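The values are calculated or read from the model by the stated rules, or taken from the named source; none is laboratory data. Only a predicted model underlies this, so the values are computations on that prediction, with no experimental measurement involved. Using ideal geometry, Cβ is built from the backbone for each residue, glycine included, and neighbour counts are taken over all protein chains shown.
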Amino acid sequence: MITFGVNTISGILKDKAFIQHFGAGSPKHFPAVSLGLLFMRDIITMASAFTFPHIIAKQLKTTMGMS
């Protein structure tokens, strides 16, 4: 859980710096909504990384007889 927290926070801070550096115009206040969207992106990515393999493995086992 600590690793997830550290990786998520550092990833969001990296994305924020990247957006401010390469975005149009001069760096200014970063909207909280954008931080929330970056966080939701990370949550969805992690959820799919742990959910989809199980679903796909179950589907392969039933349709193709794989174990």
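Here are the numbers for this structure:
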read-out	value
Options Ala17, Ala49, Ala24; residue that is in a helix (DSSP H, G or I) and loosely packed, with under 10 Cβ neighbours inside 10 Å	Ala49
Test result for Leu35, in contact with a Lys or Arg (Cβ under 9 Å, 6 or more places away or on another chain) and either at pLDDT below 90 or assigned to a helix (DSSP H, G or I) (or both)	yes
Which numbered condition Met40 fails, given (1) under 16 Å from the mean Cα position of the chain (by Cα); (2) surrounded by 12 or more Cβ atoms within 10 Å (Cβ to Cβ); (3) not hydroxyl-bearing (Ser, Thr, Tyr)	(2)
